[in-house]
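**Student:** Supplied in structure tokens, the structure appears directly below.
The values are calculated or read from the model by the stated rules, or taken from the named source; none is laboratory data. Remember, it's a predicted structure, so these values are computed and weren't measured experimentally. All Cβ positions, glycine included, derive from the backbone under ideal geometry; neighbour counts span all protein chains shown. Surface areas here come from the heavy atoms of the whole protein model, side chains and all, with no ligands, DNA or RNA. Shrake-Rupley method; radii C 1.70, N 1.55, O 1.52, S 1.80 Å.
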Amino acid sequence: MFTDGSAEYDEGRTLWNAMVDRKPGVVIRAKGTSDVQKAVNFARENGLLIAVRSGGHQIAGHAVAEGALLLDLSHMNSVRVNRAEKTVRVEPGASLGDIDRETQVHGLALPVGINSTTGIAGLTLGGGFGWLTRKYGMTIDNLISVDIVTADGKILIASEDENADLFWAIRGGGGNFGIVTSFEFEVHDIGSEVLSGLIVHPIEAAPELLQEYRKIADTAPDELTVWVVMRKAPPLPFLPEEWHGRPVLVFAACYTGDLSKGEEALAGLRALGEPIADVIGPTPYIGWQSAFDPLLTPGMRNYWKSHDFKGLPEEAVSTLLSAIETLPDPNCEVFIAHVGGAMARVPVEGTAYPERASHFIMNVHTRWQDPSGDAACIGWARELFDEMAPYATGSAYINFMPDDEADRVAGVYGANMAKLGRIKAKYDPDNLFRVNHNIVPAA
């Protein structure tokens with residue numbers, strides 16, 4: 001247990017997003033399930049607010065709350081691969097990089113996100129998507145079981161066969177239902193390489209390129225994932241110096257499978273326009289998983305806004321491109337992820353995460369260094385979010401939502417919200433776990 005003034009206290013309360021600077025009452029660093037159980041019982045019995053930190057990466061900063069008991073799980077980070085069964089057992093403090101390193105020893109991989117320093121717990125409980133999602137589903141679609149400490153201090157197993165309602169709820173319902181102390185996942189043979197990389201174009205070519213991109217996204221095989229990034233070009237070594245700092249459109253592509261088939265699948269994308277650079281090629285999977293880490297280092301101020309879209313009509317594209325002309329900071333960007341494939345073949349009611357149709361996920365990602373940029377960057381993100389709302393579905397990816405969007409939670413879960421409220425009432429009737437995108441217990 002650590003209090004203000006100790007190095008461990010500051011380490012526990014410091015998150016990836018530098019905008020979050022809150023002081024908990026105490027930090028408890030768990031080493032195992034027993035520690036988690038004791039902390040939950042202590043918080044409940046003493047009427048304490050409890051916040052839970054694993055990777056500390058969530059944009060909303062729910063891992064820490066002012067005056068709360070902060071339960072730090074970051075030192076519970078073991079990863080154990082069962083090669084014969086093609087499963088992996090992961091503790092909640094493990095990062096995606098920890099998992100990639102251990103699974104790739106065997107040529108295996110778990111579908112996770114795209115930043116290796118992200119924590120597995122928050123990513124999974126919110127859904128989890130990345131380069132392998134179209135082929136193998138979301139992170140939650142590969143979850144077999146969990147060990148979880150509920151609000152009454154019980155240690156339960158949740159799976160399709162045991163506490164199935166709880167298992168349904170945690171697959172997308174966030175940390176509302178308990179504290180997971182161990183995840184068991186299915187993993188997949190992907191080998192050690194993927195065909196991946198970036199194609200960079202002048203932003204002026206974006207209207208035509210995005211029209212063609214929509215067609216490619218609609219017809220791509222499950223093995224192929226192509227996302228769009230619009231931002232000012234960072235000083236990457238493969239970009240001519242005269243392009244550094246100028247607005248660009250980037251196609252980030254990854255093909256998982258036979259590399260020769262990947263060349264065929266990517267041919268149409270690579271033939272578009274006259275790119276500034278095309279650096280797609282065979283890449284170690286671990287390297288590709290950490291390729292964006294230098295642009296997502298901790299210590300910067302971050303604010304995100306997100307929408308889901310079924311399509312990208314011309315009016316929406318025009319709105320996006322107008323916003324790119326006024327980027328408030330060189331580190332700000334908008335990315336559009338196309339998801340579908342295996343993910344879209346799970347029924348809406350199959351998990352708490354509801355938006356299963358093939359669709360685009362937009363993240364307006366503002367990122368800057370100095371607090372003096374807060375108003376400009378946050379205001380720009382909110383304005384673009386509002387302007388894009390007429391084209392959106394109303395749903396959103398919960399892990400991309402900031403802490404000022406409590407009014408969106410019901411819309412995110414849609415038809416699944418009522419069931420989530422009933423399960424919350426069963427496992428956490430007093431809403432002990434409320435430092436999150438909160439699901440209120442049903443009456």
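**Student:** Report, to the nearest whole %, how much of the accessible area of the chain belongs to carbon and sulfur atoms, 1.4 Å probe, protein only.
**Tutor:** The computed percentage sits at 51.
**Student:** In square angstrom, what is the accessible area per residue of the stretch 38-94 with a 1.4 angstrom probe?
**Tutor:** On a per-residue basis, 40 Å².
**Student:** Roughly how far apart, in whole Å, are the Cα centres of the stretch 357-373 and the stretch 103-154?
**Tutor:** 22
**Student:** Have a look at the stretch 135-259 and give its Rg and Dmax from the Cα atoms, expressed in angstrom.
**Tutor:** 21.0, 61
**Student:** Follow-up question, since we're still on this one. Per residue, how big is the convex hull of the stretch 5-60 when only Cα atoms are used? Give it in Å³.
**Tutor:** 96
**Student:** Taking the Cα centre of the stretch 71-162 as the origin, how large is its charge dipole in debye, to the nearest 20, when only Lys and Arg (+1) and Asp and Glu (-1) carry charge on their Cβ atoms?
**Tutor:** Approximately 400 debye in magnitude.
**Student:** Normalised by the residues of the stretch 69-115, what does the relative contact order come to in percent, with Cα pairs under 8 Å and at least six apart?
**Tutor:** Relative contact order here is 31 percent.
**Student:** Whole angstrom only: what separates the Cα centroid of the stretch 195-223 from the Cα centroid of the stretch 29-87?
**Tutor:** Cα centroid to Cα centroid, the span is 40 Å.
**Student:** With a bin width of 10 angstrom, please list the P(r) values of the stretch 356-412 as percents of all Cα-Cα pairs, from the 0 bin to the one holding the largest distance.
**Tutor:** 18, 53, 24, 5, 0
**Student:** Could you state the angle between the C-alpha long axis of helix 259-270 and the longest principal axis of the C-alpha atoms of the chain, as a value from 0 to 90 degrees rounded to the nearest 10?
**Tutor:** It is inclined by approximately 60 degrees.
**Student:** Here's another thing I want to ask about it. Say R0 is 56 Å: what FRET efficiency, to the nearest 0.05, do residue 410 and residue 86 get from their beta-carbon distance?
**Tutor:** That pair, residue 410 with residue 86, gives E of 0.90.
**Student:** Can you give the accessible area of residue 349 in Å² (nearest 10), computed on protein heavy atoms with a 1.4 Å probe?
**Tutor:** 120
**Student:** Which value results for Rg/Rh of the chain when Rg is the Cα radius of gyration and Rh the Kirkwood radius based on the inverse mean 1/r?
**Tutor:** 0.95
**Student:** Next up: Rounded, prolate or oblate: which fits the stretch 215-320, taking a ≥ b ≥ c as square roots of the Cα gyration tensor eigenvalues, rounded meaning a/c under 1.5, else prolate when a/b beats b/c?
**Tutor:** Here the stretch 215-320 falls in the rounded category.
**Student:** Let me ask something else. Can you classify the stretch 1-124 as rounded, prolate or oblate using the Cα gyration tensor, where a ≥ b ≥ c are the square roots of its eigenvalues, rounded means a/c under 1.5, and otherwise it's prolate if a/b beats b/c and oblate if not?
**Tutor:** Because a/c hits 1.5 or more and a/b exceeds b/c, the stretch 1-124 counts as prolate.
**Student:** Moving on. Determine the gain in length on full extension of the stretch residue 1-residue 219; use 0.36 nm per residue of separation and subtract their C-alpha separation, reporting nm with one decimal.
**Tutor:** Extra length from residue 1 to residue 219 when fully extended: 73.1 nm.
**Student:** Compute the Cα gyration tensor for the stretch 156-200, then decide on rounded, prolate or oblate, letting a ≥ b ≥ c be the square roots of its eigenvalues: rounded whenever a/c is under 1.5, prolate when a/b is larger than b/c in the other cases, and oblate in all that remain.
**Tutor:** It comes out prolate by the Cα gyration axes.
**Student:** Calculated from DSSP H runs of 4 or more alone, at -39500 (n - 2.57) each and per residue, what is the 222 nm mean residue ellipticity of the chain, nearest 500?
**Tutor:** -7500 deg cm²/dmol
**Student:** So for the stretch 89-192, considering every pair of alpha-carbon atoms, how many percent are separated by more than 16 Å?
**Tutor:** 53
**Student:** Does a label point 7 Å from the Cα of residue 106, set along Cα-to-beta-carbon, have any residues of the stretch 136-159 with amide nitrogen under 20 Å, and which are they?
**Tutor:** Backbone N within reach: 136-147.
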